[in-house]
Amino acid sequence: MSVAHSQTPAEERRALIVLLSVIFLMIAGFGLVIPLLPFFAKAFDAPAWQVTLLFSAFSVGQFLGEPFWGRLSDRIGRKPVLIITITAVALSYGALAFAPNILAAFAIRFVTGLFAGNISTLQGAMADITPPEKRASRMGIMGAAFSAGFTTGPAIGGLLAQPSRGALGFQLPLLVAAGFAIASALAVVIFVRESRPERTADSAPQRSRIAGLKDAAEHEIIGRILAISAIVVIGFAGIEATYGLWTQVRFGWGPKQIGLAFMVIGILGAFCQGYLSGRLVRRFGAPSTLMGGLCFMGLGLVTQGLAPVWPVAILGFAFVCLGQSICFPNLTALISQAAPPDRQGEMLGLNMSGMAMSRIGGPVFAGWLFSSVAPGAPFASAALLILPGLWLAGQVRQRVHALA
């Protein structure tokens, strides 16, 4: 029996608040680092392709880590996995602050990704404390906590960074990111209660990643959701990796402007995920809301790529944020609704692992497009990838309605 059904409403509410606080602290540290990476790499005189490899190195580690941590959390519990991974992420941020060269930075980013592959564990913990009928709404609230972290982190990072000092100018924001992660780990130690459902005699045995992936791919809903995540994130990760370079070329922006832009968009994302997403799901259903989110993402990518001035680019950024805010929580919710209770971590881990694989190739491809084709080419590529995602989402909607 799921833990969510054995809790009183007050206990469920307390567990939700604690978990959202942990997510906020962890993502604030993560969000603080992301917009600074292109400028941090350029402080080592790294070309564009090496800048994007910093993002891919993280994703290689995350690809390896997500299914492992997800399966381990199903077996030994969410709390110990979160303590181990978040503490290791804090240490890696501190190491990156003192990286002597770009090669060391690549290695540290790989290790960071390996231990930051705990998003599926957080999603599993959220699913554990949430009845199935509330999961789409709760995943939206979880997304709002992510967005709030991304609102706070980039703004702090942009204000603290001093690019004129070279790599030394990024030590303070990286150490602050480590501090956020340490605070998140302490919150887990002190406040988080174990939420994993008890395994019973008829619980499914542990399987290899290949066996789990085979089962997920053959599932008529989960398999298509995994494909949508992987396809869409290829383009989205490429934009994420080249955005700082693109705004610098087009508008002459630096870390402060990037940080403020992420802060404004993060506020919008927190509103959309915390307030709008759940209401759209209740009115239109998760599959239709997913399709609407993909449409907004496509519109935003096209608007950004063709933007003649920065206000139009920010408008496009807002459309992408709106689409992402109502798209990704529903991908997670649909998986959690379709997966057996004792395999929440495994299935969500496979989804995050697939997204991490997309984040390996996406930045590399976008870096090549940026350098060899045009600075705006990654936006065109990402917009085209929305189309197969929409087709698959239509199939998911048909199957969900058939099962209803």
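Bear in mind that the values in this text are calculations on the coordinates, not laboratory data. Everything numeric here is computed off the predicted structure, so don't read it as measured data. Here Cβ is always computed from backbone atoms with ideal geometry, including for glycine, and neighbour counts include all displayed protein chains.
Assorted remarks:
- Put simply, when 255-263, 59-67, 213-221 are sorted by average Cβ atoms within 10 angstrom per residue, most first, you get 59-67, 255-263, 213-221.
- Here the average projected area of the convex hull drawn through the C-alpha atoms of region 105-187 stands at 6.6 nm².
- Range of Cα positions in region 38-127 per principal axis (Å), largest first: 44, 22, 17
- Residue-averaged [θ]222 nm for the chain, counting only DSSP H segments that reach four residues, each worth -39500 (n - 2.57): -27500 deg cm²/dmol
- Measuring nothing but how far apart in sequence close Cα pairs (under 8 Å, 6+ apart) lie, relative to its length, the chain scores a relative contact order of 28 percent.
- Each eigenvalue of the Cα gyration tensor of region 25-69, multiplied by 5 and square-rooted, gives one semi-axis; in descending order these are 22, 15, 5 Å.
- By average C-beta atoms within 10 angstrom, highest first, the peptides 16-24, 95-103, 306-314, 331-339: 331-339, 16-24, 95-103, 306-314
- Cα pair distances in the chain, grouped into 20 Å bins until the bin that holds the longest one, percent each: 29, 61, 10, 0
- D (Stokes-Einstein, µm²/s), Kirkwood Cα radius, region 12-166, 0.890 mPa s at 25 °C: 149 µm²/s
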